[in-house]
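Note sheet for the following structure.
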Amino acid sequence: MKKEKEETNIKNSSLITHRSSLLIKGGRVIDPSSNLDEITDILIENGKITKIGKIQDSTLKQVQGKTQSSGLRDLDVIDAKGKVVVPGLIDMHVHLREPGYEYKETIKTGTEAARAGGFTVVCCMPNTNPVNDSRSVTEFILDRTIKEGSTDVYPIGAISKGLKGEELSEMADLVEAGCVAFSDDGKSVMDSELMRRAMEYAIALGVPIISHCEDTNLSKGGVMNEGFVSTELGLQGIPDSAEEVIISRDLLLAEITGVKLHIAHVSTKGSVRLIKEAKERGIGVTAETCPHYFLLTDNEVRGYDSDAKVNPPLRTEEDIEAIKQGLKDGTIDVIATDHAPHNIAEKLVEFDYAPFGIVGLETALSLSLKLVEWGVLTINELIEKMTANPARILGLKKGILNVGSDADVTIIDMNQKVTVDPMKFRSKGRNTPFKGAKLKGLPIITILRGKT
Ligand code: DOR
């Protein structure tokens, strides 16, 4: 069933395949899935990669001849000298908000933002209105993507109907319609029995469960990290244990059931430790974090800036160090954005009343390159966490540069400097605590199935 669904998405997406030929010349080509890291060329024909390696003039002439005789456009050449060429980035945790919250984001604006950020694939969370707990919503998202999308979109179905945590969604139907995983993200599944059954169905359907880990009894009323800063500011805190209690439970359930469990947005030192130990014990768990969790602390909240209000909350230096270590030693497999756009007016209220969420699609790569600058990760390890690893977790034939694979390619200028200006975002969301940040390294061209 899984295989069929993948093919459905790929078939649908082929509607926007570019039919001419493209040569990416002389870039540093990095493909973590095949340990490739060399200065070379990539030839793309009809939306697929047809050659990786030094392209001789004779091959070029042949390609030019082919494109002209078949009435296609001539060969385009991108001079990638001095640039880094990687598989199209994959963001496995995005809120596209459509259907229902189009005033925050749409599939059109969200995927435009993704494309600008170097992504060719995004996975969208089900907390829309209606919730993506039924085939018709999944089909709507895929249909809208074909019509208006700038990237591929793989929907994530709800674990529970209406995200209420009471009754399972029609999981088999959702997978058949095109969902690649299940999550109640934004909400925690507090009923352990329901979570266990969801895991059992997920195994049968061959997809992972993505867990938003938050014990809502412990986090109730909290608006930021519980600690010195929350005490000083007089704001109610969310303790680390709110995340860690549910991670512990889900790790136990994953051990019992054998499900592929993926922990969303890891934010605490204790979570990293729990996941590391579980991996060492052979539990099938993977994990993601987001740039704000390895770059910012709860000090960001000091000005009561609601753009720094996110769930789970920004934590402390100690947590940042543990997350960096977790990224380095492989405990954390993926960097995702948890792109959570909100309307400006919604965030322009007292801190207590503002919604949780930070936008991330247009800053993720530049922010994550900090890890390379600091020597936490090599560029190859970083790209792996944004391409091959999420593809492997979700079973997507993406995130690779292979002859025959979709020509999804991102070209990065490692030296380009950028100042984050939310008013220039393609996303409708402007809610980022990184406004004004000066960063280095930017995706300059994002190619989806051969189309720049
Ligand atoms: O900050 C967040 N915002 N965390 C979530 O888990 C959900 C998200 C949203 O949907 O706004």
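Descriptive notes on the structure:
- Heavy-atom accessible surface of the chain: percent carbon and sulfur, 1.4 Å: 50
- Treating each Cα of segment 124-223 as an identical point scatterer and summing with the Debye formula, the log10 of I(q)/I(0) at q = 0.14, 0.16, 0.17, 0.21 Å⁻¹ comes to -0.50, -0.63, -0.70, -0.99.
- Backbone geometry of segment 225-235 corresponds, through the Karplus equation with coefficients 6.51, -1.76 and 1.60 at θ = phi - 60°, to 3J(HN,Hα) couplings of 4, 7, x, 4, 5, 5, 5, 4, 7, x, 9 Hz, x marking Gly and Pro.
- In the distance distribution for segment 101-157, Cα-Cα pairs more than 12 Å apart total 62 percent.
- Greater than 27 Å apart at Cα, pairs in Lys187/Lys309; Lys104/Lys161; Lys260/Lys347; Lys51/Lys438; Lys279/Lys435: Lys260/Lys347; Lys51/Lys438; Lys279/Lys435
- Projected onto their three principal axes, the Cα atoms of segment 168-264 cover extents of 50, 27, 18 Å, largest first.
- Take the Cβ atoms of Asp329 and Asp76, set R0 to 51 Å, and the FRET efficiency comes out at 0.80.
- Note on Lys66 and Arg197: their simple-model spin labels are 5.3 nm apart, each label 7 Å out from Cα toward Cβ.
- For the peptides 346-357, 40-51, the ranking by mean Cβ contacts within 10 Å, running from highest to lowest, is 40-51, 346-357.
- Highest to lowest packing among 428-434, 166-172, scored as the average C-beta count within 10 Å: 428-434, 166-172
- Hydrodynamic radius by Kirkwood, which averages 1/r over all alpha carbon pairs of segment 207-287, in angstrom: 13.2
- Kirkwood estimate for segment 221-368, i.e. one over the average of 1/r between Cα atoms, Å: 15.8
- 19 Å Cα-Cα reach of Lys61 towards aspartates and glutamates, excluding residues that sit fewer than 8 places from it in its own chain: Asp41, Glu45, Asp74, Asp76, Asp79
- Convex hull volume per residue in cubic angstrom - Cα atoms of the chain: 125
- Projected label points at Ser241 and Thr216, each 7 Å from Cα along the beta carbon direction, are separated by 2.0 nanometres.
- In the full protein context, the chain carries 38 Å² of accessible surface per residue, based on a 1.4 Å probe and ignoring ligands, DNA and RNA.
The values are calculated or read from the model by the stated rules, or taken from the named source; none is laboratory data. Source: prediction; values computed, not measured. Virtual Cβ from ideal backbone geometry, glycine too; neighbours counted across all protein chains shown. The area values use the complete protein model at the heavy-atom level, side chains included, leaving out ligands, DNA and RNA. Shrake-Rupley method; radii C 1.70, N 1.55, O 1.52, S 1.80 Å.
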